[in-house]
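Notes follow once the structure below has been shown.
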Amino acid sequence: MERGLFTAWNGIRFFTGLVYIFTFAPIAVVVLLSFNDSMFGSFPMTGVGLRWFGELANNEAIVRAFKTSLLLGSLTAVISTAIGVGACIAIVRYDFPGKELVNTLLVAPILVPEVVLGVALLLFLKWLDFSRSFGVLLLGHVILTLPYVVLVVQARLYGIRRVYEEAALSLGANRMQAFLEITMPLLMPAIFAGMLFALTISFDNVTATMFWKSAGLETVPTQIFGMLRNSISPEINALGTVMIVITVGLPLIAGGVVRYFARART
């Protein structure tokens, strides 16, 4: 019996390892080839260098796409977080007619495929006679990222007991002071995490962005998609590596900052 269980667990570990290899091997190949000096992505590499990162920095289209993505992601994160935090406080702390419906509507976009959501918003704005623009793209990204902010902040807010706020109120603080001095510091890690989720999702999105962006307006993912349609340039490997560093590094840095402030408060 024990021998059979041991064999089964070894089989599970083996197939789990294969899944991880299948998932991360292509990413590792892209990172390795980004340091290849040759024009052709092949193994063994003929040389190691930062040539393609230099080419990337001198590519005006890619630099412009990076600026657009950073601006779009930052605005999306700020707007989604502001709306999400306010909505969560209203839903968790207060009772009003239609509360459950509002909560469902806020998280509903996460259940809809991005292609469907992209087409639906595009057709709706076309019906309203709105042309595709940066504002439309920003609106779409806020709709996409808002559910993640709501879910993260709401989960944390449910864990913050109301007795802390009530104690502050009983000691003479008004509701705004109780929120800013009691609730806000306790909620800050979730707010920061939600903002980071929004920034990362906005920065990485390509499917819905293709429907909402105007002609000539490119983000980093759509720029990569356009470059792949023409030819496979070594610059794409360097750009992919930069994207991996950003999307993986930001959550790690954020987690470290949150842990640092958590230790500082204790």
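The values are calculated or read from the model by the stated rules, or taken from the named source; none is laboratory data. Since the structure is predicted, the reported quantities are computational estimates derived from the model, not experimental observations. Here the Cβ is made from the backbone with ideal geometry for all residues, glycine too, and neighbour counts use every protein chain on show.
Within the range 55-71, being assigned to a helix (DSSP H, G or I) and without any contact (Cβ under 8 Å) to a residue 24 or more places away in the chain holds for A57, E60, V63, K67, L71. Scanning the range 123-137 for residues that are closer than 28 Å to I91 by Cβ and buried (at least 17 other Cβ atoms within 10 Å of the Cβ) turns up L125, V136, L137.
For the range 66-85, does any single residue satisfy the condition of being hydrophobic (A, V, I, L, M, F, W, C), surrounded by fewer than 15 Cβ atoms within 10 Å (Cβ to Cβ) and at pLDDT below 90? Among the residues of the range 66-85, not one is hydrophobic (A, V, I, L, M, F, W, C), surrounded by fewer than 15 Cβ atoms within 10 Å (Cβ to Cβ) and at pLDDT below 90, which makes the answer no. Please give the helices (runs of 4 or more DSSP H) falling wholly within the range 100-212 in which 1 or more residues are acidic (D, E). Helices (runs of 4 or more DSSP H) meeting the threshold: 114-127, 162-170, 184-204.
Restricting to the range 90-99, and then to whatever is without any contact (Cβ under 8 Å) to a residue 60 or more places away in the chain and assigned to a helix (DSSP H, G or I), can you tell me which residue is farthest from Y158 (Cα to Cα)? Out of the qualifying residues, it is K99. Among the conditions (1) surrounded by fewer than 16 Cβ atoms within 10 Å (Cβ to Cβ); (2) modelled with pLDDT of 80 or more; (3) of a type outside the set (A, V, I, L, M, F, W, C); (4) within 28 Å of N59 (Cα to Cα), S202 misses just one, which is (1). Sub-7 Å Cβ pairs linking a first residue in the range 132-157 that is among the hydroxyl-bearing types (S, T, Y) to a second residue that is outside any helix (DSSP H, G or I), at least 6 apart or interchain, are S133/S214, ordered by first then second residue. For the range 4-31, the candidate set comprises residues that are hydrophobic (A, V, I, L, M, F, W, C) and more than 25 Å from the chain's Cα centre (by Cα); within that set, the residue that is modelled with the lowest pLDDT is L5.
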